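The next block holds one structure in the form of structure tokens; read it before the comments.
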Amino acid sequence: MPYGRSANSGRPGMFGRGLAPVADADAVVRCPPVTPGAIGTRTELGNALERPGWQVIDAYRSSRKSIAEARAKYPSDFLLHNGPGDAWRHFRWNFSMAKSMGAPTAQAFADAMR
């Protein structure tokens, strides 16, 4: 069931932060389906070799800046692994790349495995 903001529901939703199921499908942002094997089928190096150099440099700089900002924003989450700081870092990195080089290219960088 899709989830969205509900100002007057009074019930915690999916993550206990005031989100409740919504009936209006137009108010919901849906994630695209993931094809099995689509994530992690390319290595970072393989992906980088197929891209223009400016995109590789931009993705690297964005990742370093995202790590620095996440550490400053979440100082108690030192390793930034599987916590709120890690989620924020991933969001910030993907948003920054999508803004500078487009969503499909950003997705290719984010889906690449080490």
* To do: Within region 77-114, count every residue that is closer than 12 Å to SER63 by Cβ and in contact with a strand residue (DSSP E or B) (Cβ under 9 Å, 6 or more places away or on another chain).
  => 1
* Asked: Tell me, which residue of region 49-62 that is part of a helix (DSSP H, G or I) and free of Cβ contacts under 8 Å to residues at least 40 places away in the same chain is surrounded by the most Cβ atoms within 10 Å (Cβ to Cβ)?
  -> SER62
* Can you confirm whether region 63-71 contains a residue that is more than 21 Å from THR43 (Cα to Cα) and not in a helix (DSSP H, G or I)? => no
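None of the figures in this text is laboratory data; all of them are computed from the coordinates on show. In this text, all values refer to a predicted model and were calculated from it rather than measured experimentally. Note that each Cβ is placed from the backbone with ideal geometry, even for glycine, and that neighbours are counted across all protein chains shown.
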